[in-house]
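Comments concern the structure below.
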Amino acid sequence: MDMRELELLVPTLFGLEGLCAEELRRLKLPEVAAENGRVRCKAAPADIPRVNLNLRTGERVLLVVGRYRAADFEALFEGCRALPWEEFIPREGAFPVKGHSLNSQLHAVPACQAVLKKAAAARLGEKYGLETLPESGALYQIQFSIMRDEVTLMLDTTGAGLHKRGYRAVGVAAPLRETLAAAMVLLSRYRGRDPFCDPFCGSGTIPIEAALIAKNRAPGLDRRFAAQKWQSLPAKLWLDAAEEAMDQEFHGQYDIWGGDIDPSAVELSRHNAELAGVDDCVRFEVADAGKFHRDSDYGQLVTNPPYGERLLDQQQAEQLYTTLGRATKNSPMKQYILSSDPLFERCYGRPADKRRKLYNGMIKCELHMYFKNAPRKPRPQV
């Protein structure tokens with residue numbers, strides 16, 4: 001791969017752009033800029049493994065190959081053929097094409113796919129002296145975005161989305177995406193020092209993500225990425241990135257608890273925590289959220305109760321919010337609760353101190369935050 005300055009594009013769930021941008025800045029990537037549903041930054045080739053391994057709130061890492069304007073198929077074809085695909089895709093590389101178009105004259109996605117595939121094949125065939133490319137090697141997924149006639153062509157370095165950490169082979173009904181769970185933990189400002197609770201833990205995603213954050217464990221260490229098979233990214237870059245990530249892990253004692261009324265969900269949570277390597281710092285118990293109580297004088301409660309559109313009917317869900325609100329009314333813990341119900345605060349019994357709009361899949365939700373009356377953790381005496 002050319003050692004020139006590269007550009008990365010990281011799509012996110014709507015509402016998580018700022019968190020993802022902050023993660024990239026902490027990884028010391030330059031020129032980070034958040035946009036609607038995505039974050040851009042500059043990078044060196046060695047940053048591709050680092051970002052894939054460490055990112056908690058991004059969906060995938062796309063390498064920008066080029067940008068140009070196109071209002072017709074001829075311009076689309078010629079712009080794509082002019083790009084240096086041979087710098088990234090070897091002679092045997094497989095390069096399928098997929099993407100989307102929005103507010104553009106070229107709006108027929110299948111036709112755009114076919115034109116871009118033909119153009120990339122023409123460029124590579126010319127460079128490698130082949131009429132037909134074998135496409136028998138590693139995957140170099142080409143992605144395109146056409147917005148207001150501006151074409152962006154990218155290569156997907158990730159493969160399966162970054163929310164697939166490798167610890168959840170199966171789930172209970174309506175699982176919470178790992179990237180959103182991590183975002184909820186980060187928004188609660190949990191860093192591993194306080195007690196942490198999730199009374200509706202389901203398959204354990206929120207407590208497991210909290211444990212990964214507490215330990216500063218890179219979420220991508222237990223999975224594979226598409227670009228690991230690329231000839232242009234030496235294996236040493238991936239090994240160095242993994243070693244750097246493991247060197248930054250913390251090893252301490254953590255008070256992280258998850259409860260669920262369903263014994264099979266609790267059993268699955270324990271299994272997933274073991275797969276994630278955090279079973280030593282997360283406790284799961286069969287527990288009724290309506291009877292939630294912790295003796296701690298501080299800490300965070302972060303949860304995603306079942307809501308009408310996913311698991312329960314609206315009346316059942318609202319009764320659940322009322323019961324939880326009564327159980328937590330006098331709790332000193334800061335509370336962060338995700339819900340799509342516009343009547344949530346009325347059912348919960350009190351207005352949130354702050355709300356943040358998030359999306360759970362295609363469902364528009366709000367993270368209701370209660371923190372103003374929570375006591376501060378006492379500082380240790382020096």
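The values are calculated or read from the model by the stated rules, or taken from the named source; none is laboratory data. The structure presented is a predicted model; accordingly, all values stated were derived computationally and were not measured. When we count neighbours, we look across all protein chains shown, and the Cβ atoms used for this are built from the backbone with ideal geometry, even at glycine.
Overview of results
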| quantity | calculated |
| --- | --- |
| Index of the failed condition, Ala242 passing every other in (1) buried (at least 16 other Cβ atoms within 10 Å of the Cβ); (2) at pLDDT below 95; (3) not in a loop (DSSP other than H, G, I, E, B) | (2) |
| Considering residues of region 309-335 that are touching a strand residue (DSSP E or B) at 6+ places or on another chain (Cβ under 9 Å) and among the basic types (Lys, Arg) only, the residue modelled with the highest pLDDT | Lys334 |
| Any hit, region 45-53, residues being under 30 Å from Ala122 (Cα atoms) and not in a helix (DSSP H, G or I) | yes |
| Failed criterion for Tyr167 (all others in (1) at pLDDT below 95; (2) touching a strand residue (DSSP E or B) at 6+ places or on another chain (Cβ under 9 Å); (3) crowded, with 22+ Cβ neighbours inside 10 Å hold) | (2) |
| Lone qualifier among Gly161, Gly129 - being surrounded by fewer than 22 Cβ atoms within 10 Å (Cβ to Cβ), of a type outside the set (A, V, I, L, M) and under 19 Å from the mean Cα position of the chain (by Cα) | Gly161 |
| Residue that is of a type in the set (Ser, Thr, Tyr), more than 24 Å from Ile363 (Cα to Cα) and either assigned by TED's automatic domain parsing to the domain that holds Ala138 or crowded, with 16+ Cβ neighbours inside 10 Å (or both), where the choices are Thr328, Thr323 | Thr328 |
| Lone unmet requirement of (1) of a type outside the set (Phe, Trp, Tyr); (2) surrounded by fewer than 18 Cβ atoms within 10 Å (Cβ to Cβ); (3) under 22 Å from the mean Cα position of the chain (by Cα) for Pro84 | (3) |
| Restricting region 10-20 to residues that are more than 21 Å from Leu153 (Cα to Cα) and assigned to a helix (DSSP H, G or I), the residue that is nearest to the chain's Cα centre (by Cα) | Cys20 |
